[in-house]
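Each remark here refers to the structure printed beneath this line.
Just so it is clear, none of the values below were taken in a lab; they were calculated from the coordinates. The model shown is predicted, which means the values in this text are computed figures rather than measured ones. Positions of Cβ are backbone-derived with ideal geometry, glycine not excepted, and every protein chain shown enters the neighbour counts.
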Protein chains: 2
Amino acid sequence: MSFASDSVGIVTPQKYSFEQPLQLECGRVLPRFELMVETYGELNETKSNAILICHALSGHHHAAGYHHEDDKKPGWWDACIGPNKAIDTNKFFVVAVNNIGGCHGSTGPTSPNPENDNLPYGPDFPLVTVRDWVNTHILLSDRLEIEKWYAIVGGSLGGMQALQWSIDYPDRLERCAIIASAPKLSAQNIAFNEVARQSILSDPDFHQGYYLSKDSYPRRGLILARMVGHITYLSEEAMKQKFGRDLKSGKFMYGFDVEFQVESYLRYQGERFSRNFDANTYLIMTKALDYFDPSREYESSLTKALANTKCRFLVISFTTDWRFSPQRSEEIVNALITNHKPVSYLDIDAEQGHDSFLFPIPLYVNTLRAFLGGEAHLRSASTFQEPK
Amino acid sequence: MSFASDSVGIVTPQKYSFEQPLQLECGRVLPRFELMVETYGELNETKSNAILICHALSGHHHAAGYHHEDDKKPGWWDACIGPNKAIDTNKFFVVAVNNIGGCHGSTGPTSPNPENDNLPYGPDFPLVTVRDWVNTHILLSDRLEIEKWYAIVGGSLGGMQALQWSIDYPDRLERCAIIASAPKLSAQNIAFNEVARQSILSDPDFHQGYYLSKDSYPRRGLILARMVGHITYLSEEAMKQKFGRDLKSGKFMYGFDVEFQVESYLRYQGERFSRNFDANTYLIMTKALDYFDPSREYESSLTKALANTKCRFLVISFTTDWRFSPQRSEEIVNALITNHKPVSYLDIDAEQGHDSFLFPIPLYVNTLRAFLGGEAHLRSASTFQEPK
């Protein structure tokens, strides 16, 4: 099998071990940790062409390409990463990392706990925050000898990491792309996360998080959590166009098997997800979302939080995204403008709701490409306006 | 204890038994059934001042007043029903009914099944539809000797019953008030219902619906179902104003106990509901919502469905209602206007989202009052415009 010419082709994840203790925001310390990483493209001599990709709730380090010849699905952001794609691997050295707390190889709840006979951490894995992740990214940057990232890019929860980067380490990135994100969760956002968490926590197979040692798994809870999540990822309009009120068998069955196509879709998505994701990780990721609020230690002022940033910003939202609506992106943009920071903002007309950030929508992809510049080291395209 | 002068005071529910078989839309037949009913005010001699109140998903026949002196909470629509209130019991004879399939006294899953040794129906209770309910209302109307209702009024799922009434029995109502409702559910509406149902169905304590005979109860499932429901009842803005990102203990606890106030609220609502509602009824009510689509047998044309209606309509929506948005009400209004039917429509500026229909918002209450007329038998107020 051969891959498309704009694919990065076969990729091999690498694991980086960090043997020093990591102080976490919650007060606890991870004695050591590992990060799963994929890279695409080549780091140039001056190490000035590196782009860090931060993942969203259910994402990971496998952002582009294939793991083997027969791999049916490429990485989660293959639409944007590859030779001549928006994030052009002919020009850039792209680094995608799986965050700690995850379940795809980086240290998380399914990893051995050195403080407990190397049994899986399970629910004893600490709750981590966006800031904790950024701190692990810094250690990774040092290991890769990347003093300053050409850009840090992320969608949704990934955008929050990019935003936190710009605040905590202003000298270590030139560009920051925050896509389909928000400066902090709303009460409604938290409410949806809480339903997802309670679905898992109340599943009798959860066993207070020690399901692995009980040879059990809170499958039902994870299915419900993902179903409710999926509703918030799609726009009402996308659901209408995709499913409408279409019936699976063409008529009402007056029972609790699937009747409407949208039910079939949700159950399928829930089932599939529940087979490939760790429940404790799901809890950790939703809590990281809830906790995120960089304005918190700046007198609840996002403007103050962003006052010392030094990078150029691109903020992108999608018209039908109701999980993190365009208004939420505008909060970031307005705080940057108030600070006279260079920011480009585009609200992209798209039907796919929050999920839009994963689709190769031309204006979106081209905006990202332009922001990252035709050539590495060039300032971003002149089509972008800077506020006065 | 004395009640406010605009309260109907102490009320006593009555049970009406119907011993004839009831053919249901699903094809099954109920051999007999009972309806729990409350009435407020007096039926006049000509039986021309009767108003029927249809309830929503978790509602029932107890719409106004108190059941005993020490009752802490009045009926669910006490804000609108009483002496000199919008639905003025000094002028009108108000009838509030609990629908079959419910769990508040009318025949439903917790009722004895005469075809099974009078054991509770449980999951053997048939799935009923809005049309089935309207057919039971007709039998109730005949029993009460009410040939023509002065008005039929309902919010949310209750509005759907009022709409179905106007289509199926055009000669038997003069006015129809459809509040915070929709002509059919969207894919997103169905998706939320499906999450609620799966929460219950997948709870191990559900026992395929036979939880009563197992001395069990799917409490966790019902809590989750109600939590997800509650998110859709409140507007994002109402949640923001009510809870924002307020923390219960003032700081992050880094655990899974309640951290944000909104979590506390949702858990409380879920818990409370789970103690007072039957899980099989919840399933039946959500399915009735999903099935509702009066256009279905009119070539999917709501305009055709409404062509033979004869009553005056009042349609009310609320600006922040995202469960059944103003656009959904406009679908009804537009179909009526196309038919040159008399309709008044008001989109009320309110912050409480879908729940707004339960609040005594002045413009809303006054609109309802004006529509129902200062005096029984008067045509509704001249401030209402009729389409040409």
Considering only A:107, B:43, A:333, whose Cα is most displaced toward the positive end of the charge dipole of the protein assembly as shown, charges sitting on Cβ of Lys, Arg (+1) and Asp, Glu (-1)?
-> A:333
Residue (of A:264, B:93, B:9) at the positive-pole extreme of the protein assembly as shown, dipole from beta-carbon charges = B:93
Provide the three semi-axes, in whole Å and in decreasing order, of the ellipsoid equivalent to the protein assembly as shown as defined by the square roots of 5 times the Cα gyration tensor eigenvalues.
-> 53, 28, 24
Using a cut-off of 17 Å between alpha-carbon atoms, which aspartates and glutamates can reach residue B:287, once sequence neighbours fewer than 8 places away in the same chain are excluded?
-> A:246, A:257, A:259, A:263, B:25, B:124, B:132, B:194, B:278
What's the Cα-based Rg to Rh of segment A:79-132, Rh via Kirkwood?
-> 1.22
Averaged over B:17-28, how many beta carbons belonging to a partner chain fall within 10 Å of each residue's beta carbon?
-> 1
Share of alpha-carbon pairs per 20 Å distance bin for chain B, given as whole % | 28, 60, 13, 0
Would you mind listing the distances between the residue B:204 label point and the same position in each other copy? Use 7 Å along Cα-to-C-beta, nm, one decimal, shortest first.
-> 0.4
Using Cα pairs closer than 8 Å and at least 6 residues apart in sequence, work out the relative contact order for chain B, in percent.
-> 17 percent
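Over its Cα atoms, what ratio of radius of gyration to 2.2 N^0.38 Å does segment A:1-106 give?
Taking the Cα Rg and dividing by 2.2 N^0.38 Å, one obtains 1.16.
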Tell me the distances, shortest first, between residue B:251 and the same position across the other copies, using label points 7 Å along Cα→Cβ, in nm to one decimal.
-> 6.5
For label points placed 7 Å from Cα toward Cβ, what is the shortest-first list of nm distances from residue B:272 to its copies?
-> 4.0
For chain B, what does -39500 (n - 2.57) per DSSP helix run (n ≥ 4), summed and divided by total residues, give at 222 nm, in deg cm²/dmol to the nearest 500?
-> -9500 deg cm²/dmol
What FRET efficiency, computed as 1/(1 + (r/R0)^6) with R0 = 56 Å and r the Cβ-Cβ distance, is obtained for residue A:237 and residue B:215, rounded to the nearest 0.05?
-> 0.75
For segment A:138-176, which GluC sites (Glu not before Pro) are both in a DSSP coil and crowded by at most 16 other Cβ atoms within 10 Å?
-> A:145, A:147
From other protein chains only, count the Cβ atoms within 10 Å of every residue's Cβ in A:250-257, then give the mean.
-> 5
Return the percentage of antiparallel bridges among DSSP beta bridges fully within chain B, rounded to the nearest 5 %.
-> 35 percent
For segment A:95-230, report the convex hull volume of the alpha-carbon atoms normalised per residue, in Å³, without decimals.
-> 122 Å³
Determine, for each peptide in B:268-274, B:17-23, A:318-324, the mean count of other beta carbons within 10 angstrom over its residues, then list the peptides with the highest first.
-> A:318-324, B:268-274, B:17-23
What is the spread of the Cα atoms of segment B:156-200 along each of their three principal axes, largest first, in whole Å?
-> 41, 17, 13
Among A:209-215, A:74-80, A:327-333, what's the highest-first ranking by average C-beta atoms within 10 angstrom per residue?
-> A:74-80, A:327-333, A:209-215
Which value results for Rg/Rh of segment B:8-56 when Rg is the Cα radius of gyration and Rh the Kirkwood radius based on the inverse mean 1/r?
-> 1.07
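Translational D (Stokes-Einstein, µm²/s) of segment B:204-358 at 20 °C and 1.002 mPa s when Rh comes from the Kirkwood sum over C-alpha pairs? Mind dumping the intermediate values first?
Values: Rh = 18.6 Å.
For the chosen part, D equals 115 µm²/s.
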With no solvent and one equal point scatterer placed on each C-alpha of segment A:209-296, evaluate the Debye formula and give log10 I(q)/I(0) for q = 0.25 Å⁻¹, two decimals.
-> -1.21
Cα pair distances exceeding 16 angstrom across segment A:271-317, given as percent | 63 percent
What are the lysines whose alpha-carbon lies under 26 Å from the alpha-carbon of residue B:91, with same-chain residues fewer than 8 places away excluded?
-> B:15, B:47, B:73, B:148, B:310
Given labels modelled 7 Å from the Cα in the Cβ direction, how far is it in nm from residue B:297 to residue B:90?
-> 4.3 nm
